[in-house]
Amino acid sequence: MRIIGCDLHARQQTLAMLDTTTGEIVSITLKHEGDNVREFYSSLPCPVRVGIEATGSMQWFLNLMEELGIECLVGHPAQIRAAAPRKQKNDRRDAELILKMLVEGRFPAIWLPSKELQDLRKMQFVRRRRSVRETSKKQKKELKKTLDTVGVVRDSAFIRHVDYFRKRGSGVVPVTCAAGSRKVIAGARI
């Protein structure tokens, strides 16, 4: 079995890899250019366990590991950092620390949602955004209706096709009051 501690970054990753049959530890830096990462991990004999620190740019890597059938654990960054004996950080030391924690069984793995759950969350976000947009449209219509009811009529001859809720339409809003006299309200935000 191969156990890999990986310090993952946006453009490269530094690995500390242990071959459990020979006890050999190898340090490697992989650039994220072309298919370097895919070729490296697909060439490893199974089984392989990889540990990484949670980062914002890790999703592509998790997808690749899942596609290749490689077990990938994601660790809590603060707990990994707290376990470091030296406070000086560098990529090689971080990869070695992650490997050491994996081997000793102290790796602080965090829970990650499945792909199905992630897709469901995305769909819910889109629905929520659509709902907010529809609610906003309803409220704008209600406000325009209320302004018409109290006698504030938008002067369509002065400004045509202006959405008064956008920046372009919020400067000078000409209105005709119920009494019929035309007034220009500078800087009014309707």
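Every read-out reported here was derived from the displayed coordinates using simple, explicitly stated rules and does not represent laboratory data. Just so it is clear, the model here is predicted, and its values are computed rather than measured. Virtual Cβ from ideal backbone geometry, glycine too; neighbours counted across all protein chains shown.
Shown is the FRET efficiency for ARG81 and VAL132, computed with R0 = 30 Å from the Cβ-Cβ distance and rounded to the nearest 0.05: 0.20. Rounded if a/c is under 1.5, else prolate if a/b beats b/c, else oblate: with a ≥ b ≥ c from the C-alpha gyration tensor eigenvalues square-rooted, which is segment 2-112? The shape class here is rounded. Distance between the C-alpha centres of segment 62-95 and segment 1-52: 12 Å, rounded to the whole angstrom. Model label sites at LYS122 and ALA10, defined 7 Å from Cα along the beta-carbon direction, differ in position by 2.1 nm.
Peptides 39-47, 87-95 ranked from most to least packed by the mean count of surrounding Cβ atoms within 10 Å: 87-95, 39-47. Listed by chain and number, the lysines whose alpha-carbon sits under 20 Å from that of LYS100, ignoring those within fewer than 8 places in the same chain, are LYS87, LYS89. The convex hull built on the alpha-carbon positions of segment 77-140 has an orientation-averaged projected area of 7.6 nm². If R0 equals 35 Å, the separation of the Cβ atoms of GLN139 and LYS115 corresponds to a calculated FRET efficiency of about 0.45. Subtracting the Cα-Cα distance of GLU104 and PHE40 from their residue separation scaled by 0.36 nm leaves 20.5 nm. Amide H contacts under 5 Å for ALA83: none, restricted to partners 5 or more places along the chain or on a different chain, H placed in the peptide plane at 1.01 Å from N.
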